[in-house]
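J.: One structure is given below, represented as structure tokens, and several questions about it will come after.
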Amino acid sequence: MSARWSDLVAGALGAADGGPGVGVDRLAVRPGEVLARVHDARGRVQEASLIRTVLPDAEWERVCAALASQPVFRARLAAGELPVAAARVFEVLGLDLVPRGWADLVATCSCDRWEGRCAHLSATAAALGEEADRDPFVLVRWSGRERRAVVDRVAALSVPGTGASAVGEEAFPEKTEPDTGGGEWARGNAQVGTPVSAAEFWSAPEPPAPPPLPEALGARVRAAAPGAVTDALPIFSRLANAPGETE
Ligand SMILES: [Zn+2]
């Protein structure tokens, strides 16, 4: 997993900037579209645009449920952060927070270069990556959700005893045997009071008797978490460990 959001963006859209003299004067991100004002070496200004599909409400619900089911993401989002590993959650759900490539975008520019990608679009993609390093939630907004909506939804799904969190954590460990690393995930969730991670913060005190869960809720979370999620869990589990801890 890349360490920076800009690495993910560069991996998908290319690492090259616009070249000598080309720079982005202004970058604006709104749902479905990145708009940039780009100048070239001769001072000419172009308007570039990167249009992507926004994720439907139902997909955002799956994303938030998946994030809420993972202690490390619950804690980081509660702190207003979006770790790069969150991109993997989207990927596991068959979604893309960062588009996989130019083929997933509609890219337009006001310049008259029609063959290939112009320098202005390359510069826009590079600027988007840099902006995402400063504030990863620009990628969330581009994908159709504001930071507050995602943070609030994950928090709501994370409240102990409301069912969503319990369902999410129950749904994952059931497929982790035999012990191939996934067992650690199961233990981490089972041991309330482990002095390591956000799991303690979110799950303690453990509710004595969670109320029965609505059928529909369980189905939704399970549907959002097919077997592939389990395969990815050891990564998240390691993230929850103390810095410097190795396996
Ligand atoms: Zn152009």
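The values are calculated or read from the model by the stated rules, or taken from the named source; none is laboratory data. The model shown is predicted, which means the values in this text are computed figures rather than measured ones. Quick reminder, even Gly has a Cβ in these numbers, built from the backbone with ideal geometry, and neighbours come from all protein chains shown.
J.: Exactly one of (1) assigned to a helix (DSSP H, G or I); (2) surrounded by fewer than 20 Cβ atoms within 10 Å (Cβ to Cβ) is unmet by C64. Its number?
T.: Result: C64 passes all but (2).
J.: Here is a further query. Kindly indicate whether G14 is loosely packed, with under 12 Cβ neighbours inside 10 Å and more than 18 Å from L95 (Cβ to Cβ).
T.: Values: loosely packed, with under 12 Cβ neighbours inside 10 Å: no; more than 18 Å from L95 (Cβ to Cβ): yes.
Criteria not met by G14.
J.: Does P20 meet the test of being farther than 14 Å from C111 by Cβ and either away from the ligand (no atom under 16 Å from the Cβ) or at pLDDT 95 or above (or both)?
T.: On the way: farther than 14 Å from C111 by Cβ: yes; either away from the ligand (no atom under 16 Å from the Cβ) or at pLDDT 95 or above (or both): no.
Against the criterion (farther than 14 Å from C111 by Cβ and either away from the ligand (no atom under 16 Å from the Cβ) or at pLDDT 95 or above (or both)), P20 does not qualify.
J.: Could I ask something else about it? Among the residues of the range 64-107, write down those that are under 10 Å from the mean Cα position of the chain (by Cα), of a type in the set (A, V, I, L, M) and more than 27 Å from A15 (Cβ to Cβ).
T.: Looking only at the range 64-107, we keep the residues that are under 10 Å from the mean Cα position of the chain (by Cα), and these are 64, 67, 73, 82-91, 95-98.
Imposing the further condition that a residue be of a type in the set (A, V, I, L, M) reduces the set to 67, 82, 84-87, 89, 95, 97-98.
Listed by number, the list holds a single entry, L67.
J.: In the range 1-23, what residues are acidic (D, E) and assigned to a loop (DSSP other than H, G, I, E, B)? Break it down into steps so the answer makes sense when it comes.
T.: Step one: list which residues in the range 1-23 are acidic (D, E), which gives 7, 17.
D17, the sole residue that qualifies.
J.: Can you name the residue in the range 110-146 that is more than 11 Å from the ligand (Cβ to nearest atom), part of a loop (DSSP other than H, G, I, E, B) and on the phi < 0 side of the Ramachandran plot and is also surrounded by the fewest Cβ atoms within 10 Å (Cβ to Cβ) among such residues? Before the answer, list the steps.
T.: First, the residues of the range 110-146 that are more than 11 Å from the ligand (Cβ to nearest atom): 115, 125-146.
When the remaining residues are screened for being part of a loop (DSSP other than H, G, I, E, B), the result is 115, 135-136, 143-146.
Subset that is on the phi < 0 side of the Ramachandran plot: 115, 135-136, 143, 145-146.
Values: E115: 5, D135: 15, P136: 20, S143: 24, R145: 21, E146: 12.
Looking at the filtered set, the residue picked out is E115.
J.: Here's another thing I want to ask about it. Within the range 97-117, does at least one residue satisfy the condition of being within 15 Å of R145 (Cβ to Cβ) and either touching a helix residue (DSSP H, G or I) at 6+ places or on another chain (Cβ under 8 Å) or touching a residue at least 24 places away in the same chain (Cβ under 8 Å) (or both)? Break it down into steps so the answer makes sense when it comes.
T.: Pass one, the range 97-117, residues within 15 Å of R145 (Cβ to Cβ): 97-98.
Remaining after also requiring either touching a helix residue (DSSP H, G or I) at 6+ places or on another chain (Cβ under 8 Å) or touching a residue at least 24 places away in the same chain (Cβ under 8 Å) (or both): 97-98.
Among the residues of the range 97-117, at least one is within 15 Å of R145 (Cβ to Cβ) and either touching a helix residue (DSSP H, G or I) at 6+ places or on another chain (Cβ under 8 Å) or touching a residue at least 24 places away in the same chain (Cβ under 8 Å) (or both), which makes the answer yes.
J.: Right, next: Could you check the range 24-60 and list, in sequence order, the residues that are surrounded by 15 or more Cβ atoms within 10 Å (Cβ to Cβ), in a strand (DSSP E or B) and not hydrophobic (A, V, I, L, M, F, W, C)?
T.: Within the range 24-60, E33, R37, H39, Q46, E47, S49 qualify.
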